[in-house]
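What follows is one structure encoded as structure tokens, with my remarks underneath.
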Amino acid sequence: MFTQIGVLEQIEPALDRAVQFVLDHRLPDGRLAGGCAGRALESALALHLFRVRGHGPELQAEIAGFCHRFLADDADSPSHAARLDRTLSRILCELVLHGSLGDDGLASLHRTLAEFDHPTLWRKRVLVEVMLVELGALPAGPNVLPLAVARAESSHLWVSILLMSIRVLQLCHLGRAAEVGDAELAAILHAQATDGSWEQHVLVTCVALLALTRLGRASPHCAVGLNFLAGQLRPGGGVPFITNEDVWVTCLAGLVLAEARLPAHELQRSEQFLVSLQRPDGGWAYAEGVSQTDADDTSVALSLLCRRSPLVHRSSIRRAVANLLALQNSDGGFPTFVRGAASEAEITAKSIIALRHSGIAPPEVLDAAWAWLARAQQPSGGFRGEWKLCVTYPAFHVINAAAGQRQGTRAADIRRRCVGFLRDLRRDDGSWPIHRDDRHGHLLSTAYALGGLAACPGSLTSRELYESSLVLLAGQSRNGGFTSAPDSLGPRPFVYDVPILATLYSMWALARVRDLLSGRGDEVPFGALTPRPPVFIHERIGPHRPTRLQLRGSRAH
């Protein structure tokens, strides 16, 4: 028998334990240390690189053990959406460990690639091909990436580094290393950080070091790069996708802890940590030591600063708003990294939230973003996923953006269709799957869907609300954290794991259910209400491009 009081009696102590679990991961400077688990893709490439360079026999043994255990786990992929990742990772591990593939190795890869539908598919094919050539599974093809493609302005920094490194590898595989010019080599070398990495991006660092190794140049750069990789080994011998995404995790945790109603003073150190890492262009990158900013980190950091301390952080807020406005595409949507790249639903929704909370953005900016979301919404009511496997993730953020929007508006209509999409996808046991075709539920997908629907009172019946809450509660460990199979994508569609995200998103959903059951479900999401941001006047030369932001008055009116 389900009762409102009974579920609340379970949710409240579970939230308390989860909050403490998250706070236990917070460092003295305010950052949240989320970490990134080892992954087969980078582990296989790092093992190959260490062997070619004759570097660290003990490290090689540890990584080889990780790859062997990955291959020994012959369980089916947990989702249709993860097939390409698992197939390619197994092929790379087999090649590195055994020097050959099974009978169905390349055929299975071609079948899986044929199922992958995304605008970045050509880049994935080029990356996969050059890795297979490097590992001896394919002969070198005749085509080489043109230099103009590798340097395309629509590519963000680490994609440019990756493509230039791939081009060098292709030329070396064809015996044409002499065609690599000094300027081309310098473009790669100048992007290397003093710690030896390229943008704290382990995959890109592996490919760049392989390119330099095959080229036979830049030995000092290779040496410091190898030392960087050696320092990235995780317990069990795995090598991660990235070193960490602590800036992103700290931004997200701030919003979630605020909505879980952690006292405001508890978040001040995290706010100060984030403000200290704002980049010169006004944006934020995913980790310390990364120069490429993105709309994802920037919008979430901006939302946190606007909701918690808008007067204190008004300079940071204005710079962040200017960064997002400069990113908005002509179609009204927002890309992740650079203007001109494809607009993305979840990024557009987060940008709407941040800009609306800032009180600065011109109304037509938000109108254009909603118009793009209306065009991008699929007949099912969902949206194309980008940075997560779970199909529920974009809908969750679009619902967040539409919170409080009046009936009859475009935003409210988009929200209504998102609610219908999530309801249609719900399983009988109260869970949601990663992919529509999956039979089993997934904790993170359930957290996204439940968090979105709980922000729309009346979207679930009482029984449905209780059942789905119990699904999440069952995923909590004794230490207060939640565990789930990962769903983060990087590069798309390869899956990586930052374990603390399962706890943060589960907390977010349960906090909303608690508020709904305790009569606070009509409050605006993203934390207890704070004084409104100061009123700004914006003067524009053209649409979406403020030339001056001027503060009027010392407080909101």
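Computed quantities for the displayed model
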read-out: The listed residue being modelled with pLDDT of 95 or more and in contact with an Asp or Glu (Cβ under 8 Å, 6 or more places away or on another chain), out of Gln292, Gln278; value: Gln292
read-out: Scope segment 337-384; condition touching a residue at least 60 places away in the same chain (Cβ under 8 Å) and closer than 28 Å to Val498 by Cβ; matching residues; value: Phe337, Val338, Ala341, Ala342, Ile353, His357, Ser358
read-out: Near pairs, Cβ below 8 angstrom, 6+ apart or cross-chain, from segment 244-272 (farther than 12 Å from Ala301 by Cβ) to any residue that is at pLDDT 95 or above and of a type in the set (Phe, Trp, Tyr); value: Glu245/Tyr286; Val256/Tyr505; Val256/Trp508; Glu259/Trp508; Ala260/Trp508
read-out: Search result, residues across segment 324-336 that are in a loop (DSSP other than H, G, I, E, B) and either buried (at least 20 other Cβ atoms within 10 Å of the Cβ) or touching a residue at least 12 places away in the same chain (Cβ under 8 Å) (or both); value: Gln328, Asn329, Asp331, Gly332, Gly333, Phe334, Pro335, Thr336
read-out: In segment 411-459, the residues that are farther than 30 Å from Pro363 by Cα, open to solvent by less than 10 Å² (accessible area, probe 1.4 Å) and among the small types (Gly, Ala, Ser); value: Gly430, Ser431, Ser445, Ala447
read-out: Residues satisfying the stated conditions in segment 34-46, i.e. surrounded by fewer than 18 Cβ atoms within 10 Å (Cβ to Cβ) and modelled with pLDDT of 95 or more; value: Ala37
read-out: Qualifying residue in segment 365-377 (condition: surrounded by fewer than 24 Cβ atoms within 10 Å (Cβ to Cβ) and within 21 Å of the chain's Cα centre (by Cα)); value: yes
read-out: Out of Leu169, Leu162, sole residue that is within 20 Å of Ser43 (Cα to Cα), at pLDDT 95 or above and within 26 Å of the chain's Cα centre (by Cα); value: Leu162
read-out: Residue count, segment 100-128 (criterion: at pLDDT below 75, open to solvent by less than 60 Å² (accessible area, probe 1.4 Å) and not in a helix (DSSP H, G or I)); value: 4
read-out: Count - residues of segment 322-378 that are β-branched (Val, Ile, Thr) and in contact with a strand residue (DSSP E or B) (Cβ under 8 Å, 6 or more places away or on another chain); value: 2
read-out: Pick from segment 56-73, criterion in a helix (DSSP H, G or I) and among the acidic types (Asp, Glu), ranking: surrounded by the most Cβ atoms within 10 Å (Cβ to Cβ); value: Glu62
read-out: Residue within segment 276-293 that is in a helix (DSSP H, G or I), under 20 Å from the mean Cα position of the chain (by Cα) and in contact (Cβ under 8 Å) with a residue 24 or more places away in the chain present; value: no
read-out: Flag for Val312 being part of a loop (DSSP other than H, G, I, E, B) and crowded, with 23+ Cβ neighbours inside 10 Å; value: no
read-out: Any hit, segment 380-387, residues being surrounded by fewer than 16 Cβ atoms within 10 Å (Cβ to Cβ), under 24 Å from Pro335 (Cα atoms) and at pLDDT 95 or above; value: yes
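Here's the yes/no breakdown for (1) surrounded by fewer than 20 Cβ atoms within 10 Å (Cβ to Cβ); (2) touching a Pro at 6+ places or on another chain (Cβ under 8 Å); (3) not hydrophobic (A, V, I, L, M, F, W, C):
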| residue | (1), (2), (3) |
| --- | --- |
| Leu267 | no, no, no |
| Gly283 | no, no, yes |
| Val290 | no, no, no |
| Asp297 | no, no, yes |
| Leu305 | no, no, no |
| Ala322 | yes, yes, no |
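The values are calculated or read from the model by the stated rules, or taken from the named source; none is laboratory data. Computed from a predicted structure; not experimentally measured. Counting neighbours? That spans all protein chains shown, and the Cβs are built from the backbone with ideal geometry, glycine included. Side chains included, ligands, DNA and RNA excluded: accessible areas come from the protein's heavy atoms. Shrake-Rupley method; radii C 1.70, N 1.55, O 1.52, S 1.80 Å.
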